[in-house]
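Step one of this worksheet: look at the structure below.
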Amino acid sequence: MAIKIRIPKGSGGGKVRGLPRDPVLRAALLIFLVLAVTFTIFFSYFYIKYDRIIEKRFRTPVFANSAKIYALPSVVRNGEKIEAREIAAQLREAGYSDKDGQSKLGTFHLLKGGIEITPGSESYHAPEPARISIENGQVTEISSRGTDLSAYELEPQLVTALFDAEQRSKRQVVKYNDIPPVMVQATLAIEDRRFFEHSGINFARTVQAVWEDVIRQKRAQGGSTITQQLARGFFLTPEKSIKRKVTEMLIAEELEQKFTKQQIFEFYANWVNLGQRGSFAISGFAEASRAYFDKDLKDISLPEAALLAGIIQGPSRLSPYRHPERALERRNLVLDSMVDTHAITKEQAEKAKASPLKLAPPNVEASDAPYFVDLVRDQLISRFSESDLNDSAYRVYTTLDPDLQKAAAQAVDSGMKLVDEQIKKLRTKKVKVGKKFETTVQPGPQAQVALVAIDPHTGAVLALVGGRDYAWSQLDHAVAKRPTGSIFKPFVYAAAMNTALDGSPNVITPASTVTDEPSTFAYGDTIYEPRNYKEEYHGEVTLRYALAMSLNNATVKVAEEVGYDKVADLAKSAGIASVKATPAMALGSYDASPLDMAGAYTVFANNGVRLSPILLRSVRNSKGDVIANYNTDQRSVMDPRIAYVMTNMMEGVINNGLGYTAVRLRGFTPPAAGKTGSSHDGWFAGYTTNLLCIVWVGYDDYSDLRLSGAMTAAPIWAEFMKKASTLSQYSEMREFSQPAGVVDVQLDKVTNRLATPNCTDDYVSAFVAGTEPHDTCESQQGFKGFLSKIFGSGDKPVMPQTPAQAANPQDQNNQQDPKKKKGLFGKIAGIFKDDKSSAPVSKPADAGQASPH
């Protein structure tokens, strides 16, 4: 059959051409072909490029490529009150599993009457298993392979994952099958309803978002699918541009080809940003469930799941803590969306909407130790590269005690509220407006704070607060150097006590006397004229009294007698590097940080041996192999006998001196030694047998706080130590151990000579053996006996009052008032009567030096 072709008229003589004759159409077709080829080339290039990037990113476990910082292990002790389920919760949070083979960190099994723990190959601990027997909520036995133990360390808890200099987060990684269906349904209802249907891009939603953004110029509901959000979060910046959007879509398509929908949602559920807690990002649903509701993700309820899904859109703007109304409105919108997707019924939605926001108490910012983490990172970067730390997924084990850090955060929070109240009173003035007076509060800076707590026998930094609000100021006041004020004075008196051992012609003891009166001190061409608080002077006083009441003039006289150079040498040996041998040094005019002073005070608390504060214990790789271990530097600075005598004198500060009101009247009763301090700032340094703590309060601009350390820093110290004493690991705050070569002597309070049955008003003081008084209170020589007046003459006795009259809470250092007070001893506590007042006179001990330990 022949085929006839009809050629229209004007068709060019019947010839068929492949291209249109119109030059415009030809040009358009050519441009289209060029663009198509170019697009194909560029698409292929970027497809291959991002294919390699994705391959590299997901070649290793997705959330394992960061250094992780761990706290000090919790310790379970024999006799401790704790339930097996509490131990199990701690182990689960640390990464242990109750199913064999699921965690390389370890496993545990709840048993009738206890719990069995088996560390894994990547555990911090050796792989020996342990069994903890518990009866009626109390540990009755701890054993490991037939050996009874007095205590058992649990796996250290994660403090944070440290990604880089700017980002740190907390995350609990979960598998898709461990995510409750209600959490999946809530997320998809509000974020990506067609997630299981599209191939990575929801084109209809993208067009709608463009229409809202560009055409109607309204805030779009968001056109990105969950896969696109994941692509943006893992590989791109949040900037808004056409290039970034196209790249995002390309990566999303590639992710969809490489992974199942369940895998993609699992990545998303562990990655998604759900807010901020202090300086730490809350990453993933599991961590958010713990942060907002204090529960495991598997136990989450419908309204709780809806809340988490709702705040994905804007974790800061929709924070349920800061903006509960917005969060509630958003949660209810999610519930309505779940009805639309048939995930729940309308009745279930209405019931969930009626539920109020049930949030866990917000964690105190400082309890997450952001300043501590900054210091740890600085130390790590000085030894390791950031890429090594993160790419090798190093595990960094620190000295931080989470329980003690929480106590520090709470003490600082409550203590600074009291400081703010006192500052407000100082700034409140009456101003005359017309014929009336109005009360106004003058503006001024906000007081800042630092607290450092260390183990006085290891140097381990157990808790550290570097400021009141890390989000507001990242300046770490724990390492900021400030004039130390009167907490420096114990080093003056320690140098004086050392005359008992260094061969000095004049031996100075706690009962030696010095005249406290206005004085002028010449040093080179400089004249120094210190003044006591309110110009109040006490005449002839013992050194024990002068330290307890922080008398400025008396202290400078002691330093002058001993030798400024000897005081400076001792202070430098203890770690206070800035001091210079001048009269002003005696009153703490030179700078040191709270962390410096914590190290310096270990000299007194650790039998004369100085320990450098440390924050790190060990760095290990992802398999648990040790990369580096850390230990404190230690050196002997003073004889243990001198350290104990100083501790005994500083017990007097707390029991009867300026620390009495702030510490003892606030309910802290265990044996403790310490010293108040004031310059422009407030300080308190103190310690027990198992804990040393330094507190600083002041202004960043160096302006005068106008409040003493006894009124600002000491109450924070007392509150912290009270909380610490309730923790099992710090509850045994015992009497200080007296070394060989020290004797306790009962002295008469009037004459400061040996007490007899006829001198019943006495006190007890420690002396280096051989330097204690030998004359009795009944001797006619009075003060002209053994207690020589090394700093002047006169026989006016010290007349202390009873502790019930309380010490004046004002510290003496660097404060002035032109008015003198009447009755020099009218507000003085019984400095010389302490908790050993009824102890018998000790026999002189061997004066030989005890070994440091």
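The combined condition, being among the charged types (D, E, K, R) and at negative phi, is fulfilled by Asp336. Within segment 567-575, identify whether any single residue is closer than 18 Å to Ile508 by Cβ and surrounded by fewer than 20 Cβ atoms within 10 Å (Cβ to Cβ), and answer yes or no. Yes, segment 567-575 has at least one match.
Among the residues of segment 173-181, none qualifies, meaning not one is surrounded by fewer than 16 Cβ atoms within 10 Å (Cβ to Cβ), touching a strand residue (DSSP E or B) at 6+ places or on another chain (Cβ under 7 Å) and either free of Cβ contacts under 8 Å to residues at least 60 places away in the same chain or more than 29 Å from Asp388 (Cβ to Cβ) (or both). Of all the listed residues (Glu561, Glu529, Glu517), the sole one being farther than 26 Å from Gly709 by Cα and either open to solvent by 40 Å² or more (accessible area, probe 1.4 Å) or within 32 Å of the chain's Cα centre (by Cα) (or both) is Glu561. Scoring Thr107 on the criteria (1) of a type outside the set (Phe, Trp, Tyr); (2) in contact (Cβ under 8 Å) with a residue 40 or more places away in the chain; (3) not in a loop (DSSP other than H, G, I, E, B) leaves a single failure, condition (2).
None of Glu55, Glu93 is under 30 Å from Ser731 (Cα atoms) and either among the acidic types (Asp, Glu) or modelled with pLDDT under 75 (or both) except Glu93.
Elements of the type helices (runs of 4 or more DSSP H) sitting completely within segment 229-313 and holding at least 1 residues that are modelled with pLDDT of 80 or more, open to solvent by 30 Å² or more (accessible area, probe 1.4 Å) and aromatic (Phe, Trp, Tyr): these cover 261-271.
One line per residue, one yes/no per condition, for (1) assigned to a strand (DSSP E or B); (2) open to solvent by less than 10 Å² (accessible area, probe 1.4 Å); (3) under 24 Å from Met497 (Cβ atoms):
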| site | (1), (2), (3) |
| --- | --- |
| Gly674 | yes, yes, yes |
| Met711 | no, no, no |
| Gln746 | yes, no, yes |
| Val750 | no, no, yes |
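To keep it simple, each residue is scored yes or no on (1) farther than 30 Å from Asp413 by Cα; (2) open to solvent by 50 Å² or more (accessible area, probe 1.4 Å); (3) touching an Asp or Glu at 6+ places or on another chain (Cβ under 7 Å).
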| position | (1), (2), (3) |
| --- | --- |
| Val695 | no, no, no |
| Leu707 | no, no, no |
| Met721 | no, no, no |
| Leu727 | no, no, yes |
| Met733 | no, no, no |
| Ala740 | yes, yes, yes |
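Screening Val452 with (1) in a strand (DSSP E or B); (2) open to solvent by 10 Å² or more (accessible area, probe 1.4 Å) gives one miss only, at (2).
Scanning segment 384-413 for residues that are touching a helix residue (DSSP H, G or I) at 6+ places or on another chain (Cβ under 7 Å) and either of a type outside the set (D, E, K, R) or in contact (Cβ under 8 Å) with a residue 60 or more places away in the chain (or both) yields Leu389, Val396, Thr398, Leu400, Leu404, Gln405, Ala407, Ala408, Ala409, Gln410, Ala411, Val412. When Ser387, Ser355 are checked against the criterion of being under 24 Å from Lys68 (Cβ atoms), open to solvent by 10 Å² or more (accessible area, probe 1.4 Å) and hydroxyl-bearing (Ser, Thr, Tyr), a single residue qualifies: Ser387.
Residues in segment 314-332 that are open to solvent by less than 80 Å² (accessible area, probe 1.4 Å), part of a helix (DSSP H, G or I) and either hydrophobic (A, V, I, L, M, F, W, C) or at pLDDT 95 or above (or both): Ala327, Leu328, Arg330, Arg331, Asn332.
The values are calculated or read from the model by the stated rules, or taken from the named source; none is laboratory data. This is a predicted model, so every value here is computed, not measured. Counting neighbours? That spans all protein chains shown, and the Cβs are built from the backbone with ideal geometry, glycine included. Areas reflect the complete protein model, heavy atoms only, side chains present, ligands, DNA and RNA absent. Shrake-Rupley method; radii C 1.70, N 1.55, O 1.52, S 1.80 Å.
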